[in-house]
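Have a look at the structure below, then the notes.
The values are calculated or read from the model by the stated rules, or taken from the named source; none is laboratory data. Bear in mind the structure is a predicted one, so any value in this text is a computation, not a measurement. Cβ coordinates were reconstructed from backbone atoms using ideal geometry, including for glycine residues, and neighbour counts include every protein chain displayed. Heavy atoms of the whole protein, side chains included, go into the accessibility calculation; ligands, DNA and RNA do not. Shrake-Rupley method; radii C 1.70, N 1.55, O 1.52, S 1.80 Å.
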Amino acid sequence: MGNGTAAADLDVALEKHRTELTGYCYRMLGSSFEAEDAVQDTLVRAWRSYDTFEGRSSLRSWLYRIATNVCLDMLTAGNKRARPMDLTESTPLAQAALAPRPDNTWLEPVPDARVLPTVDDPAEAAVAKESIRLAFMAALQQLPPKQRAVLILREVLAWKASEVAELLGTSVASVNSALQRARATLAERDAGPQGAVSDPLDEEQQKLLERYVQAFEGYDMTALTALLHEDAVMTMPPFDLWLRGPADITGFMTTLGASCAGSRLLPVQVNGLPGFAHYKPDPERGGFSPWAVQVLELSDGRITGFHCFLDTKRWFPLFGLPLHLEAESDEVEKGG
């Protein structure tokens, strides 16, 4: 690198691409933390080899090439991240047991702000949001790594087949055939973009969420049952247990999950879906301590998915959430 100014300029130029590269690596890897690592590695490699970058392609496509290689290297271990329902059958409540699996088993949640760059085109923004939703992410993880890259570059980022071929050092024909195979796999899993959550949320969806917060904070199982779809699914990574249907979900909440009565929910933007930071009462310290990041899937005026990511020491800092809520100031606010 030349002088300090050039170095600073390059820093700024590289940094501009961080959010979209994080989104790309997240879709490739299914892990918010691995995606951050991959982008850091990409930017360091770009910085070190900038002298060899001859400007034959744009800086952006060169960075995507480096990021793709970083991700493909990370994926050679063959780890496919999954949701609990991708791994086991649902458990009847009577047999519910909480068995954790290692962190790298699970598809991880991600804050929208870390992976969705600001774009002016609403249609482009909608595609970006749909493509980080949990169901679509889980389906992506079923694709072989090269097909995954092709599908994301072509369908999500709208690259031309010729650009993807150049990036992967392959032919347009092989890009097109990889895309067809990837689409076929996704169609089998019925994981096309889930258009059920409108962006921004429509009035009915807003009301549904308000009713959900009331029901959950009031721990009112009758009200909650009315909001859950008959096939609603509840998951709780790192546990592989998952439950289906309002009776088992509310049954769990009043038995194994009974200590969540009296909780507080704060809204978060997660995986292009509505979500909440869930704090439960802290009997030792008073106030509330973090329990889960909840991600909700909605369809036809009901909650269809209720996903609780419990590893709060990792998730809450990632979302910029406090690790304790005081009770008193809360009451003052509520009391006006």
Open item on the list: Being open to solvent by 20 Å² or more (accessible area, probe 1.4 Å), among the hydrophobic types (A, V, I, L, M, F, W, C) and outside any loop (DSSP other than H, G, I, E, B) is the filter here; which residues of the range 67-82 pass it?
Closed with: Leu72, Met74
TODO: Find all pairs meeting these conditions: Cβ atoms under 7 angstrom apart; at least six residues apart or on different chains; first residue within the range 138-161 and farther than 27 Å from Pro237 by Cα and touching a residue at least 12 places away in the same chain (Cβ under 8 Å); second residue open to solvent by 10 Å² or more (accessible area, probe 1.4 Å) and outside any helix (DSSP H, G or I).
DONE: Leu153/Trp159
Open item on the list: Just checking: which of the helices (runs of 4 or more DSSP H) contained wholly in the range 134-174 hold 2 or more residues that are more than 29 Å from Thr105 (Cα to Cα)?
Closed with: 161-168
Open item on the list: For the condition in contact (Cβ under 8 Å) with a residue 12 or more places away in the chain and in a helix (DSSP H, G or I), what is the one hit in Glu204, Glu210?
Closed with: Glu204
Task: Matching entry among Trp291, Trp315 (being in a strand (DSSP E or B) and of a type outside the set (Lys, Arg)) - done: Trp291
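Give Gly262, Gly275 a once-over and let me know the one that is in a strand (DSSP E or B) and either over 21 Å from Pro92 (Cα atoms) or open to solvent by less than 10 Å² (accessible area, probe 1.4 Å) (or both). Full working, then the answer.
On the way: Gly262 fails: in a strand (DSSP E or B).
From the options Gly262, Gly275, the qualifying one is Gly275.
So which of Pro246, Pro238 ends up being under 28 Å from Glu36 (Cβ atoms) and either free of Cβ contacts under 8 Å to residues at least 60 places away in the same chain or not basic (Lys, Arg) (or both)?
Pro238
Kindly provide the set of residues from the range 39-66 that are touching a residue at least 60 places away in the same chain (Cβ under 8 Å) and open to solvent by 70 Å² or more (accessible area, probe 1.4 Å), ordered by number.
Hit for the range 39-66 is Arg65, nothing else.
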TODO: Kindly indicate whether Ala187 is small (Gly, Ala, Ser), crowded, with 16+ Cβ neighbours inside 10 Å, part of a helix (DSSP H, G or I) and modelled with pLDDT under 95.
DONE: no
Task: Filter result (crowded, with 16+ Cβ neighbours inside 10 Å, of a type outside the set (A, V, I, L, M, F, W, C) and over 19 Å from Pro102 (Cα atoms)) within the range 300-320 - done: Arg302, Thr304, Gly305
Task: Hey, Gly257 among the small types (Gly, Ala, Ser), over 18 Å from the mean Cα position of the chain (by Cα), within 29 Å of Arg81 (Cβ to Cβ) and buried (at least 17 other Cβ atoms within 10 Å of the Cβ) or not - done: yes
- [ ] Give the residue, chosen from Ala35, Ala8, that is hydrophobic (A, V, I, L, M, F, W, C) and under 28 Å from Trp315 (Cβ atoms).
- [x] Ala35
Task: Complete set of residues in the range 83-99 that are open to solvent by less than 70 Å² (accessible area, probe 1.4 Å), assigned to a helix (DSSP H, G or I) and either modelled with pLDDT of 85 or more or out of contact with any strand residue (DSSP E or B) (no Cβ under 8 Å at 6 or more places or on another chain) (or both) - done: Pro84, Met85, Asp86
TODO: Could you figure out which of (1) among the acidic types (Asp, Glu); (2) at pLDDT below 95; (3) crowded, with 16+ Cβ neighbours inside 10 Å isn't true of Glu108?
DONE: (2)
Open item on the list: Given the criteria in a loop (DSSP other than H, G, I, E, B), under 30 Å from Pro200 (Cα atoms) and of a type in the set (Asp, Glu), does Glu54 qualify?
Closed with: no
Open item on the list: For the range 115-127, which positions are crowded, with 20+ Cβ neighbours inside 10 Å and not in a loop (DSSP other than H, G, I, E, B)?
Closed with: Val115
Open item on the list: Looking only at the range 137-156, count every residue that is open to solvent by 10 Å² or more (accessible area, probe 1.4 Å) and either at pLDDT below 95 or closer than 14 Å to Cys71 by Cβ (or both) and tell me the total.
Closed with: 7
